[in-house]
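Colleague: Before we start, here is the structure in question, set down as structure tokens.
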Amino acid sequence: MFSQRELERYKRQMMLFGNEGQEQLKKSTVVIAGAGGIGSPVALYLAVAGVGTIKIVDNDMVEQSNLNRQILHNERDIGKKKVDSAAETLQAINPDITVWAIHTTIDAKNAKSLVGNADGIVDAMDNFPTRYLLNDVAIVKKIPLFHGAIRGFYGQATTIIPGTSACLRCIFPKAPPKEVFPVIGVTPGVIGAVQATEVIKYLLNKGELLTNRLFIWDGMRSLAEDVRVEKNPDCEACGTKKERRQKRK
Amino acid sequence: MRYKKREETEEKMSVMIRFFAQFRELLGTDIITEPLSGGALADLIKEVASKNKEGYDAIFNENGAFREFVIIMKNGKRLDTAHAENARVADGDEIAVFPPVAGG
């Protein structure tokens with residue numbers, strides 16, 4: 001059931017997917033891993049769309065140098081925990097959703113419990129080791145993972161439906177080297193919007209997902225392309241050979 | 001003479017190399033090459049990348065092998081970097097060379 005305020009708020013999108021679709025969004029829980037450049041647009045768009053419960057996880061504090069891209073936070077938030085600043089922004093923009101702010105570092109011990117029974121995991125991380133952890137949890141729990149990453153004017157995104165599509169390790173078996181990456185705020189804006197679109201489509205069971213496709217954005221050329229990717233049977237995270245090995249044990 | 005020329009062109013193939021992201025900035029993209037038939041994929045990329053040292057070094061390590069995180073696709077199918085060393089190219093192939101990005 002929706003309040004009058006909610007009906008008014010979601011009026012224009014309910015033209016697309018009706019009461020039923022909106023209910024679907026409302027009863028969903030999405031975990032957003034990272035409240036930075038990508039986490040910001042993803043969280044904002046999922047909040048305004050009315051995704052009922054958003055769990056946002058980050059271990060950082062807001063710094064001045066974040067503000068060129070991390071649009072959940074503003075000048076007054078400097079020094080605050082990013083997740084607290086994020087929760088304030090999200091609740092202000094949509095008081096009809098529930099936001100959980102979790103200030104912690106995602107690691108091998110807590111990743112599974114942080115994800116819990118969420119309907120989707122958004123990868124808004126800034127490093128591959130944590131992404132691989134999220135990928136493992138997604139596979140074990142059979143929860144979709146919405147990947148996005150950026151550098152400069154370039155970005156990539158893909159959607160992983162465990163069991164049916166290529167996982168993050170199938171596509172990127174080795175992590176690129178660590179670096180302080182250059183970035184302009186519009187790039188995570190584009191990639192985050194793509195990821196949020198994927199989450200919404202998945203929750204509504206509508207459209208065609210970015211599974212087995214890597215979306216590649218070249219902001220310098222304003223060119224979006226996708227390349228076909230496929231499951232790797234030898235993948236160390238999801239490979240069928242690995243499954244067979246485990247079954248034998 | 002004319003006849004011979006035509007024969008030569010028949011032996012040549014056309015292979016498109018597409019670089020993405022930083023590789024594209026350094027090396028350009030959609031480069032159409034005309035290697036001789038049966039050429040090695042790694043040699044072809046090396047040849048094209050050698051026009052810019054920074055671009056070459058971004059793709060290959062000091063031993064001339066592909067850096068392990070580089071993504072190489074041949075006609076939309078990913079080749080792991082070890083296989084790409086020995087892969088051959090054929091006429092009409094499209095090779096994509098892509099650096100994953102990691103920021104968020």
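Table: residues versus (1) in a loop (DSSP other than H, G, I, E, B); (2) buried (at least 22 other Cβ atoms within 10 Å of the Cβ); (3) not polar (S, T, N, Q).
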position: A:Gly189; (1), (2), (3): no, no, yes
position: A:Gly192; (1), (2), (3): no, yes, yes
position: A:Gln195; (1), (2), (3): no, yes, no
position: A:Ile200; (1), (2), (3): no, yes, yes
position: A:Trp217; (1), (2), (3): no, yes, yes
position: A:Glu230; (1), (2), (3): yes, no, yes
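Rundown of residues vs (1) within 7 Å of chain A (Cβ to nearest Cβ); (2) more than 17 Å from A:Ala166 (Cα to Cα); (3) of a type in the set (A, V, I, L, M); (4) in contact (Cβ under 8 Å) with a residue 60 or more places away in the chain, yes/no style:
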{"site": "B:Arg67", "(1), (2), (3), (4)": "no, yes, no, no"}
{"site": "B:Ile72", "(1), (2), (3), (4)": "no, no, yes, no"}
{"site": "B:Leu79", "(1), (2), (3), (4)": "no, no, yes, no"}
{"site": "B:Ala84", "(1), (2), (3), (4)": "no, yes, yes, no"}
{"site": "B:Ala87", "(1), (2), (3), (4)": "no, yes, yes, no"}
{"site": "B:Ala90", "(1), (2), (3), (4)": "no, yes, yes, yes"}
{"site": "B:Glu94", "(1), (2), (3), (4)": "no, yes, no, yes"}
{"site": "B:Pro100", "(1), (2), (3), (4)": "yes, no, no, no"}
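Colleague: If you check A:Thr158 against the conditions, is it β-branched (Val, Ile, Thr), in contact (Cβ under 8 Å) with a residue 12 or more places away in the chain and within 14 Å of another protein chain (Cβ to nearest Cβ)?
Modeller: Answer is yes for this residue.
Colleague: Could you grab me the full set of residues in region A:139-163 that are at pLDDT 95 or above and part of a loop (DSSP other than H, G, I, E, B)?
Modeller: Within region A:139-163, A:Lys142, A:Ile143, A:Pro144, A:Phe153, A:Ile161, A:Pro162 qualify.
Colleague: Which one of the conditions (1) under 25 Å from A:Gln24 (Cβ atoms); (2) crowded, with 20+ Cβ neighbours inside 10 Å; (3) touching a strand residue (DSSP E or B) at 6+ places or on another chain (Cβ under 9 Å) does A:Gly50 fail to meet, given that it meets all the rest?
Modeller: It fails just one condition, (3).
Colleague: With region A:9-126 as the region, which helices (runs of 4 or more DSSP H) entirely inside it contain at least 3 residues that are within 14 Å of chain B (Cβ to nearest Cβ)?
Modeller: Where helices (runs of 4 or more DSSP H) fall fully within region A:9-126 and carry at least 3 residues being within 14 Å of chain B (Cβ to nearest Cβ), they are A:39-49.
Colleague: Now a separate question. What residue, among those in region B:41-64 that are within 14 Å of another protein chain (Cβ to nearest Cβ) and loosely packed, with under 15 Cβ neighbours inside 10 Å, is farthest from A:Asn232 (Cα to Cα)?
Modeller: B:Asp57
The values are calculated or read from the model by the stated rules, or taken from the named source; none is laboratory data. Please read all numbers here as calculations on a predicted model, not as lab measurements. Cβ: placed from backbone, ideal geometry, glycine included. Neighbour counts: every protein chain shown.
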